[in-house]
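The values are calculated or read from the model by the stated rules, or taken from the named source; none is laboratory data. Predicted, not measured: the structure shown is a model, and the values here were computed from it. Here the Cβ is made from the backbone with ideal geometry for all residues, glycine too, and neighbour counts use every protein chain on show.
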Amino acid sequence: MTERSSNAEAVRAFRLLADLLDIGGESAYRAGAYRRAAEGIGRISEPLEAVRRRGGLQEIPGVGPSIARKIGELLDMGTIQQLEEVGREVPPGVAGLLAVPDIGPKRARLLWEEAGVDGLDALRVALEAGRVDELLGPGEARRINQGLGTLHEGEENRLPLGVARRMALDLIDHLREAAPLISRVEPAGSIRRFREAVGDLDIAAASEEPREVVEAFASLEEVSRVELKGPNRCRTILGNGFPADLWVLPERYWASLFFHVTGDKYHDIRLRDMAITRGGRLNEYGYTEGDRLKTFATEVEIYEFFGMQCIPAPMRSDVGEIDLALRGGLPRVLGLDDLKGDLHAHTDWSDGTASVRQMALAAKERGHEYLAITDHSRGLGVANGLDAERLREQGQEIDRVNAELAPFRVLQGVELEVRADGSLDLPDEVLDELDLVVASVHTGLRQDGERLTARALSAIRHSLVDVLAHPTGPIVGGRSGGDFDVDALYAEAAKTETVLEIDGDPSRMDLRDEHARAAIAAGCSLSVDSDAHSVGALGNILYGVGVAQRAWVPPERVLNILPLEGLLARLEETRSRKGSG
């Protein structure tokens, strides 16, 4: 195994091991540990062999002594012994079935054992032959066939946005150390547009010495191979096998360069066509007409030059935003500064890593007026969920923190499990004492769509449920979401004024942009939250804002733009209306 491929191979190996253990019915804890290791490895740019040489394997998040030994096996022998053993029990191709919406571990095992389906090609054959219909029924077979059609070529070569952005920021930090003459440097491309999955890293930089910056980038320890190098650009393959591009020009070209490298392609083509209509060209240097070059100080100036409003990067998809901007009709969308607080965060009372006070101080430093602590309820045992007694104890701690940090306010909430039968995990008298109730469907996501939707609807209708968290349930780069009737959820949420969440955790980003857009069209209100389980993860709210901008969500439709008193009044009014309805 080469250094270039070792990281990517390790990520794939540990994900495969986790999937096969799930399919084999092994402990969810073990499978989860391997997935966390895969995520940690995916975030580093340094080759694993180099990390091992300096004794740093256990510094990787999710990697302890046992997994470090397995990484050593992979580096030395090209395989992991446990993976070979598990692979003899469950064909590795069966794990590929998990990429298909509506196929979870139990269903993958059933398809393999009862219908001989040991991979995606075999699944296609079984569908055509009617074996899936016979095994699961025509409705389920149809859903699986539809899900199979949604898979895209090469999707396995893309990284979740959160992993890619962290990788790009780490690369930028190292580049700044290696090339101090950089005046500006930012992630661009699909990272800046907040695409859910990223195919490569695009980085834009400004420096009066572009060649030196290019040379520094090409020489970074994370770079395994240089594929293209010129005076202003460098295309590389990192040690983890992922491509990374650097574009660098002098400061006076920064706005045009940043615009050019951000994309998306079709949005850029429209503006370049507009430049051609004027008799000039638009590129990374600016607007050229004949021998004259017009540079721009900001992206706002670029759009103004074409008689347009400035379009936020996540909205640049050529889906009507340009025509609206030309007419001055582009709507204002949610910005990070609009948010007054965060309505979904966890502490060490359940599965978080920081105390109530630590989370509150961090939220206050971010400029928030309030933070809702929504630790899991007792039904989510793997998260050390809280029962009524522990919630009361937590409330006493929250009171102490509020006395210290006023006027900042910690709201006491709960992330409440919606059980398999649609009932809620805690009694009404307990929920009524809380400032905020966030309901979640975490388990049983492979139930049939009708039952799953009924569970979510029962939560939405409950008079004490304020927010439905991550409403469709997917994990980015992992499992697909549940088979919810999302239109029914939107209609009921609009009717009852129950808020639907955009969860900013980059492993969730749920609602997705297309769902958030549909929810707004149906008349729903949203919240945009971090789902933070640590102090640093409070920054996840930025991803939620990115999703909201991609969905064109106006600020006035977002609950947590309200100041504290307005928020509390809104929650009380909505509960009162739901209770009397």
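Yes/no matrix, rows are residues, columns are (1) assigned to a helix (DSSP H, G or I); (2) more than 14 Å from Val410 (Cβ to Cβ); (3) within 23 Å of the chain's Cα centre (by Cα):
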residue: Ala325; (1), (2), (3): yes, yes, no
residue: Gly329; (1), (2), (3): no, yes, no
residue: Asp337; (1), (2), (3): yes, yes, yes
residue: Asp342; (1), (2), (3): no, no, yes
residue: Trp349; (1), (2), (3): no, no, no
residue: Gly352; (1), (2), (3): no, no, yes
residue: Gln358; (1), (2), (3): yes, no, no
residue: Ala362; (1), (2), (3): yes, no, yes
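Confirm whether Glu59 is surrounded by 15 or more Cβ atoms within 10 Å (Cβ to Cβ), modelled with pLDDT of 85 or more and either among the small types (Gly, Ala, Ser) or touching a helix residue (DSSP H, G or I) at 6+ places or on another chain (Cβ under 8 Å) (or both). It is false that Glu59 is surrounded by 15 or more Cβ atoms within 10 Å (Cβ to Cβ), modelled with pLDDT of 85 or more and either among the small types (Gly, Ala, Ser) or touching a helix residue (DSSP H, G or I) at 6+ places or on another chain (Cβ under 8 Å) (or both). A search for C-beta distances below 6 Å between a residue of region 464-478 that is β-branched (Val, Ile, Thr) and any residue that is modelled with pLDDT under 80 and surrounded by 20 or more Cβ atoms within 10 Å (Cβ to Cβ), counting only pairs 6+ apart in sequence or on different chains, returns Thr472/Gly481.
Where residues in region 174-194 are of a type outside the set (A, V, I, L, M) and either more than 21 Å from Leu159 (Cα to Cα) or surrounded by fewer than 21 Cβ atoms within 10 Å (Cβ to Cβ) (or both), which of them is farthest from the chain's Cα centre (by Cα)?
Quick first cut of region 174-194, residues of a type outside the set (A, V, I, L, M) only: 174, 176-177, 180, 183-184, 186-187, 189-190, 192-194.
Now narrow it down to the ones that are either more than 21 Å from Leu159 (Cα to Cα) or surrounded by fewer than 21 Cβ atoms within 10 Å (Cβ to Cβ) (or both): 174, 176-177, 180, 183-184, 186.
On the way: His174: 24, Arg176: 27, Glu177: 29, Pro180: 32, Ser183: 29, Arg184: 26, Glu186: 19 Å.
Residue satisfying both the conditions and the ranking: Pro180.
Exactly one residue out of Leu411, Leu416, Leu489 is of a type outside the set (Phe, Trp, Tyr) and free of Cβ contacts under 8 Å to residues at least 40 places away in the same chain, and it is Leu489.
Note on region 70-103: among residues that are among the small types (Gly, Ala, Ser), over 12 Å from Asp118 (Cβ atoms) and in a helix (DSSP H, G or I), the one that is farthest from the chain's Cα centre (by Cα) is Gly72.
How many residues does region 514-547 hold that are in contact with an Asp or Glu (Cβ under 8 Å, 6 or more places away or on another chain) and part of a helix (DSSP H, G or I)?
Of all residues in region 514-547, those in contact with an Asp or Glu (Cβ under 8 Å, 6 or more places away or on another chain) come to 518, 522, 525-533, 537-538, 540-541, 543-544, 547.
Still in the running and part of a helix (DSSP H, G or I): 518, 537-538, 540-541, 543-544, 547.
Within region 514-547, residues that are in contact with an Asp or Glu (Cβ under 8 Å, 6 or more places away or on another chain) and part of a helix (DSSP H, G or I) number 8.
In summary, Asp118 fulfils each of the numbered conditions (1) crowded, with 16+ Cβ neighbours inside 10 Å; (2) free of Cβ contacts under 8 Å to residues at least 24 places away in the same chain; (3) among the acidic types (Asp, Glu) with the single exception of condition (2). Residue count for region 311-360 satisfying the condition of being in contact with a Leu (Cβ under 7 Å, 6 or more places away or on another chain) and either aliphatic (A, V, I, L, M) or closer than 23 Å to Glu501 by Cα (or both): 13. For region 32-62, taking the residues that are without any contact (Cβ under 8 Å) to a residue 12 or more places away in the chain and part of a helix (DSSP H, G or I), the one that is farthest from the chain's Cα centre (by Cα) is identified as Arg53.
Screening the candidates Leu371, Leu361, Leu343 for the property of being aliphatic (A, V, I, L, M), touching a Ser or Thr at 6+ places or on another chain (Cβ under 6 Å) and at pLDDT 95 or above yields one hit, Leu343. For beta carbons closer than 7 Å, sequence separation of 6+ or different chains, a first residue in region 179-197 that is closer than 14 Å to Gln549 by Cα and among the charged types (D, E, K, R) and a second that is at pLDDT 95 or above and in a helix (DSSP H, G or I), the qualifying pairs are Arg192/Thr262; Arg192/Ala313; Arg193/Thr262; Arg193/Ala313; Arg193/Pro314.
Among the residues of region 156-173, those that are buried (at least 20 other Cβ atoms within 10 Å of the Cβ), hydrophobic (A, V, I, L, M, F, W, C) and outside any strand (DSSP E or B) comprise Leu161, Val163, Ala164, Met167, Ala168, Leu171. One residue stands out in region 5-31 among those that are farther than 18 Å from Asp170 by Cα and modelled with pLDDT under 75: the one that is surrounded by the most Cβ atoms within 10 Å (Cβ to Cβ), namely Ser6.
Of everything listed in (1) outside the structural domain of Ala439 (by TED's automatic domain parsing); (2) in contact with a Pro (Cβ under 6 Å, 6 or more places away or on another chain), the single unmet condition for Glu321 is (2). Of the residues making up region 305-323, those that are in contact (Cβ under 8 Å) with a residue 40 or more places away in the chain and in a helix (DSSP H, G or I) number 5. Only one of the numbered conditions (1) over 13 Å from Asn240 (Cβ atoms); (2) free of Cβ contacts under 8 Å to residues at least 40 places away in the same chain is not met by Gly78, and that is (2). Taking region 291-304 as the range and being assigned to a loop (DSSP other than H, G, I, E, B) and among the aliphatic types (A, V, I, L, M) as the test, only Ala297 passes. The residues of region 195-222 that are more than 30 Å from Pro474 (Cα to Cα) and surrounded by fewer than 20 Cβ atoms within 10 Å (Cβ to Cβ), listed by number, are Glu208, Glu209, Arg211, Glu212, Glu215, Ala218, Ser219, Glu221.
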